[in-house]
Amino acid sequence: LTVFECCFLGTYEKYGFNPFVLKVETNNMPLYQMGAASSATNSVTKTVAASTTMVTIVEANPDRKMLSILNSTNRSLYLDFDNDVQTNAFAVEVKPNVFYEMNVGFAGEVKGIWAAGATGSCKVVEFF
């Protein structure tokens, strides 16, 4: 969980309001500046079985525009990008039955590992 805080003191001076703090919370969602709409015209869908050892979720693909992952297991899926992943060293945690979408044009390999006791699989859709 990441928290960004901004204090609006200028509002108090100009309008006589009490100063306040605005908190914006993010939870495993990348922040980015929205660009042009994706130009993806094709997709590939696959299923990756849950594993407590590192697996490749998707290979590198220079044509990738977007990637969607649905963790349909009973445990968290931990992801990393172009790096080895462990349950205590990861870039993104995808909770059970949660959808993760990456639409920032990352073309590298995505690796994953599930928490102990995981059963089920994840559905991966790669758009290009």
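Annotations
- The packing ranking, built from the mean of other Cβ atoms within 10 Å per residue, places the peptides 81-94, 42-55, 109-122 in the order 109-122, 81-94, 42-55, highest first.
- Centre separation in Å (Cα based) which lies between the range 49-95 and the range 103-119: 0 Å
- With a Förster radius of 22 Å applied to the beta-carbon distance between residue 53 and residue 98, the computed FRET efficiency rounds to 0.50.
Every read-out reported here was derived from the displayed coordinates using simple, explicitly stated rules and does not represent laboratory data. Source: prediction; values computed, not measured. No Cβ is skipped: glycine too gets one built from the backbone with ideal geometry, and neighbour counts run over all protein chains shown.
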